[in-house]
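Visitor: Before I ask anything, let me first share the structure, which is written out below as structure tokens.
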Amino acid sequence: MHPALSVIFFTVVSGTGYGLLFLLGLLLTADPQRVSGNAALSAMALGGAFAAAGLLSSMLHLGQPRRAWRAFSQWRSSWLSREGVAATLSFAPMLALAWLEWRGAESIVLRACGLLLAASAALTVVCTAKIYTTLKTIPAWHSRYVLPGYLLLGLLGAAAWAWVLQIVSAVHVGALPILVAALALASALFKYAYWRHIDALPPTSTAESATGLGRFGSVRSIEAPHTEENYLTREMGFAIARKHARRLRRVCLTLIGAVPTLFALAAYLVQMHVIDALCATLAVLSVMLGLFVERWLFFAEAKHVVMLYYGARPLA
């Protein structure tokens, strides 16, 4: 599939933003007293900005952006529509929490709004992932690995940014570097398992099965369907060399796994503010770059069955 920059930016940035809102909601639900008003407002501002930027960028991939409002009307059957509804509704508990923090509301009210924020943020990311997992025509996406992968990588980006925010707001949360290291290792291992899974998938479609002519023998095109490039070949016929894919996979695993883990452990062991700030900055830069590489591969390595019509190899 063609890895459109707008969709890559949307899935990475909005996933990180909603992951940050999810972590904040969980923390407020567990113990509102552990989160200062300024720290909570900073996390909501950053998470909300990421979520809004991601949603706005997703409109750039639409053929008619001015009709984007119509996507909200199909929530009964479309995961894309449900994503839009969930993403919009998640701003309600976020704005309510901002007002409550400013007014100094009681803990029980903060807990309730925090729970709503965490639930709506998680639901939004689930809806985003379900857009892809429901596409049976793309075997690499129609997989049990995609949904937990979206959630895990969103949490990794969120934890890295939360680590930066705690340094900026001068609030010490000693467990954050350990959380970043744990999520980095888990994300790297999960992505490796996902790639092993899609590489080992048996062919699900062939020219014979797609045409129903397999009983007569092998099927091949005797003439190209089109004489020039069209929408399908542009959007669903993107090709990446296997050697480049393997190299980018290694880069991705290094950026989201090894590098942030090393920086997180270094900050945890040294316990110096300057080292903590430097490690957090380098870790979040590595994680975000790694997430963009991962999401580019997510689209570039996916094959659509329609390309069988254009002489592609059997799809796994």
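Bear in mind these aren't lab numbers, they're just calculated from the coordinates by the rules spelled out. Source: prediction; values computed, not measured. Positions of Cβ are backbone-derived with ideal geometry, glycine not excepted, and every protein chain shown enters the neighbour counts.
Visitor: Report the Cα centroid-to-centroid distance between the range 135-192 and the range 30-63 in angstrom, as an integer.
Guide: Here the two parts' Cα centres lie 16 Å apart.
Visitor: How long is the gain from F216 to S73 if the chain were fully straight, where each residue apart is worth 0.36 nm and the alpha carbon distance is subtracted?
Guide: Working it through step by step, the gained length comes to 46.9 nm.
Visitor: Using alpha-carbon positions, what is the distance between the centroids of the range 238-296 and the range 105-125, in Å?
Guide: 30 Å
Visitor: If each DSSP helix of 4+ residues adds -39,500 (n - 2.57) and the sum is divided by the residues in the chain, what number results at 222 nm, nearest 500 deg cm²/dmol?
Guide: My calculation for the chain gives -22500 deg cm²/dmol from helical runs alone.
Visitor: Right, here's the next one. What are the membrane-span-like helices in the chain by this rule: whole DSSP H runs, Cα extent along the axis at least 20 Å, mean Kyte-Doolittle hydropathy at least 1.0?
Guide: 5-30, 37-58, 107-133, 146-168, 176-199, 273-300
Visitor: Only four residue types carry charge here, +1 at the Cβ of Lys and Arg and -1 at the Cβ of Asp and Glu. Report the dipole size of the chain about the Cα centre in Debye, rounded to the nearest 20.
Guide: Charge dipole, the chain, about its Cα centre: 720 debye, nearest 20.
Visitor: A further question on this structure: Collect residues whose amide H, placed 1.01 Å from N in the peptide plane, falls under 5 Å from the amide H of S205; neighbours closer than 5 in sequence don't count.
Guide: L315
Visitor: Which lysines, if any, have their Cα less than 21 Å from the Cα of K243, not counting same-chain residues under 8 positions apart?
Guide: Partners found: K191, K303.
Visitor: Any chance you could run the full-extension gain for N38 through H244? It's 0.36 nm times the residue separation minus the Cα-Cα distance, nm to one decimal. Kindly include the intermediate steps, with their values, before the conclusion.
Guide: Working: separation 206, 0.36 × 206 = 74.16 nm, distance 4.48 nm.
Contour length minus Cα-Cα distance gives 69.7 nm.
Visitor: For the pair H273 and R103, what calculated FRET efficiency results from E = 1/(1 + (r/R0)^6), where r is the Cβ-Cβ distance and R0 = 25 Å, to the nearest 0.05?
Guide: Rounded to the nearest 0.05, the efficiency is 0.20.
Visitor: Moving on. With the chain treated as a Gaussian network of Cα nodes joined by springs under 10 Å, which of L248, L201, L176 yields the largest mean-square fluctuation?
Guide: Between L248, L201, L176, it is L201 that shows the largest mean-square fluctuation.
Visitor: Quickly work out the H226-to-A52 label distance, labels modelled 7 Å from Cα along the C-beta direction, and quote it in nm with one decimal.
Guide: A separation of 3.9 nm, rounded to one decimal place.
Visitor: Ok, one more. Gain in length, A4 to H142, computed as 0.36 nm per residue apart minus the alpha-carbon separation, to one decimal in nm?
Guide: Between A4 and H142, full extension yields 47.7 nm more.
Visitor: Projecting each Cα onto the charge dipole of the chain (Lys/Arg +1, Asp/Glu -1 at the beta carbon, about the Cα centre), which of A45, F9, S81 comes out farthest on the positive side?
Guide: Comparing the listed Cα positions along the dipole, S81 ranks first.
Visitor: Among L26, T211, T134, whose Cα projects farthest towards the positive end of the dipole of the chain, with charges put on the beta-carbon of Lys, Arg (+1) and Asp, Glu (-1)?
Guide: The Cα lying farthest towards the positive end belongs to T211.
Visitor: Restrict the search to the range 116-148; then list the trypsin sites (Lys or Arg not before Pro) that DSSP places in a loop and that have at most 16 other Cβ atoms within 10 Å of their Cβ.
Guide: Passing both the DSSP loop test and the Cβ count: K136, R144.
Visitor: Quick one: among G290, G214, G257, which has the greatest mean-square fluctuation in a GNM of the chain with alpha-carbon springs under 10 angstrom?
Guide: Comparing G290, G214, G257 in the GNM, the peak value goes to G214.
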